[in-house]
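The values are calculated or read from the model by the stated rules, or taken from the named source; none is laboratory data. The structure displayed is predicted, hence computed values, not measured ones. No Cβ is skipped: glycine too gets one built from the backbone with ideal geometry, and neighbour counts run over all protein chains shown. What goes into the accessible areas is simple: the full protein's heavy atoms, side chains included, and nothing from ligands, DNA or RNA. Shrake-Rupley method; radii C 1.70, N 1.55, O 1.52, S 1.80 Å.
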Amino acid sequence: MVTTLLVVVIILAIGFDYINGFHDAANSIATVVSTKVLTPFQAVLWAALFNFAAYFYFTDHKVANTIAKTVLEQYITLEVILAGLVAAILWNLFTWWYGIPSSSSHTLLGGFAGAGMAKAASMGASAMAAINFAPILKVVAFIVLAPVIGMFISVIISIILLHLAKNARPSVAEWWFKKLQLVSSAALSFTHGGNDAQKVMGIIYVAMVASNVLKTGDAMPEWIPISCYAAISLGTMSGGWKIVKTMGSKITKVNAFEGVAAETAGAVTLGLTEHFGIPVSTTHTITGSIVGVGLLKRVSAVRWGVTVNLLWAWVLTIPVSATLAAVIYSIIHLLT
């Protein structure tokens, strides 16, 4: 039965996707803006277009399935999902306000898991009994692996591109790389949409199962992916200029050639992880890719102080979101 609480949860979930879009807009547009290939307005329109285009390609919903299975079904209620979403939204807005490119994926996962753990504890079970460790451990492993893979691929792509352009005049090479950046930016936005929109799709699906609107194993109604892709695309169009500054210039100064290498590496990494149903952080991935192109110049080209601060945000996101969600669930539980 469709209840008021279910409607509230769905609205919050789609709202989170919108916030995810403007929080993560920097992932897709930071390098293309910093190299002046596109104006900020052109860049967000370009990114939003390819965010939504992913809807027509990523139809297997593997990432959504992984997110949906992170908390065991007997501990999933609408109150659990509500607490997880509120915690994720609060942490996303906090990190956006301070220009910290944290992971929307991990804050959603942490919030969902933390609320589930609080639910288990309220039932007299071990808090950890609510967690399905197989998908959680896979996600945690890729907190480290995604940026490392992105960094490695960006170095390889940079070497290949340098070899191909070694006999070209600098002005001609720069012209071509600026054109190619449109392609690499589109590819990154495309895979970003395919990866990130699915996470909320999984949350809405389990909310409908918890409300007995759907049964476990039922096909996902088509309005769910359409709504999620539309929300993340609209969010991307809203920008995220504080984080754009961090991603586009504070980690390392990026030119058009390096933008192509970093964005292509990020797109390849996201495409691979989506294929295997691993909900990775787009932010972590592109940050690793940008560090990779910086390292190819010289180690000192990377501003390691900024990078270390980002690493702290990455490490803290899941536990902070989980703790916040547990507190919010406990308050909801006391009031109902």
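Taking the full set of protein chains and a 1.4 angstrom probe, give the accessible area of Trp91 in square angstrom, rounded to the nearest 10.
Accessible area of Trp91: about 40 Å².
If you roll a 1.4 angstrom probe over the protein chains with everything in place, what fraction of the accessible area of the chain belongs to carbon and sulfur, to the nearest %?
73
Tally Lys and Arg at +1 and Asp and Glu at -1 over the other residues with C-beta under 14 Å from the C-beta of Thr236: what net charge comes out?
-3
Quick check on the chain: helices-only [θ] at 222 nm, where DSSP H runs of length 4 and up contribute -39,500 (n - 2.57) each and the sum goes over total residues. Nearest 500, please.
Here the helix-only value at 222 nm equals -26000 deg cm²/dmol.
Kindly express, to the nearest 10 degrees and within the range 0 to 90, the angle between helix 4-34's C-alpha long axis and the longest C-alpha principal axis of the chain.
Tilt relative to the chain: about 10 degrees.
So how much accessible area does Trp46 have, in Å² to the nearest 10, using a 1.4 Å probe?
Looks like 80 Å² after rounding.
Quick one: net charge around Phe276, please, counting Lys, Arg +1 and Asp, Glu -1 for every other residue with C-beta under 12 Å from its C-beta.
Once all neighbours under 12 Å are counted, the net charge is 0.
Which of Leu78, Val260, Pro147 sits closest to the plus end of the dipole of the chain, meaning its Cα is farthest towards the positive end, when Lys and Arg get +1 and Asp and Glu get -1 on the C-beta?
Val260
Please turn the phi angles of the range 162-174 into ³J(HN,Hα) values with the Karplus equation 6.51 cos²θ - 1.76 cosθ + 1.60 (θ = phi - 60°), one per residue in order, whole Hz, x for glycine and proline.
4, 5, 5, 9, 5, 9, 7, 5, x, 5, 5, 4, 4
Count the net charge of all other residues whose Cβ sits under 13 Å from the Cβ of Ile286, scoring Lys and Arg as +1 and Asp and Glu as -1. Write down the numbers at each step before the final one.
On the way: positive: none; negative: Asp24, Asp196, Glu258, Glu263.
Spelling it out: positives minus negatives among the neighbours equals -4.
With all protein chains present and a 1.4 Å probe, how do Phe133, Phe41 order by accessible area, largest first?
Numbers: Phe133 90, Phe41 140 Å².
My answer, sorted largest first, is Phe41, Phe133.
Using the Kirkwood formula over every pair of different C-alpha atoms, what hydrodynamic radius in Å results for the range 42-136?
The Cα-based Kirkwood calculation yields 15.0 Å.
Do any of Lys138/Lys215; Lys62/Lys119; Lys179/Lys199; Lys138/Lys179; Lys138/Lys178; Lys36/Lys62 go past 29 Å between their Cα atoms, and which?
Lys179/Lys199; Lys138/Lys179; Lys138/Lys178; Lys36/Lys62
Could you tell me which residue out of Val183, Leu49, Val8 lies farthest along the dipole of the range 4-335 toward its positive end? Charges go on the beta carbon: Lys and Arg +1, Asp and Glu -1, centred on the Cα centre.
Sorting the options by dipole projection puts first Val183.
Just read off the accessible area of Tyr18 with the full protein assembly in place, 1.4 Å probe, to the nearest 10 Å².
Roughly 80 Å² of Tyr18 is accessible to a 1.4 Å probe.
Please list, in chain and number order, the residues 5+ apart from Val71 or on another chain whose amide H is under 5 Å from its amide H, with Hs placed from the backbone.
Asn132
What list of ³J(HN,Hα) values in whole Hz, one per residue of the range 222-234 in order, does the Karplus curve 6.51 cos²θ - 1.76 cosθ + 1.60 (θ = phi - 60°) give from phi, with Gly and Pro shown as x?
Those phi angles translate into 5, 5, 5, x, 4, 5, 5, 5, 5, 5, 5, 5, 5 Hz.
Suppose every K and R has +1 on its Cβ and every D and E has -1 on its Cβ; what is the size of the dipole of the range 4-335 about the Cα centre, in Debye to the nearest 20?
Computed charge dipole of the range 4-335: roughly 1080 debye.
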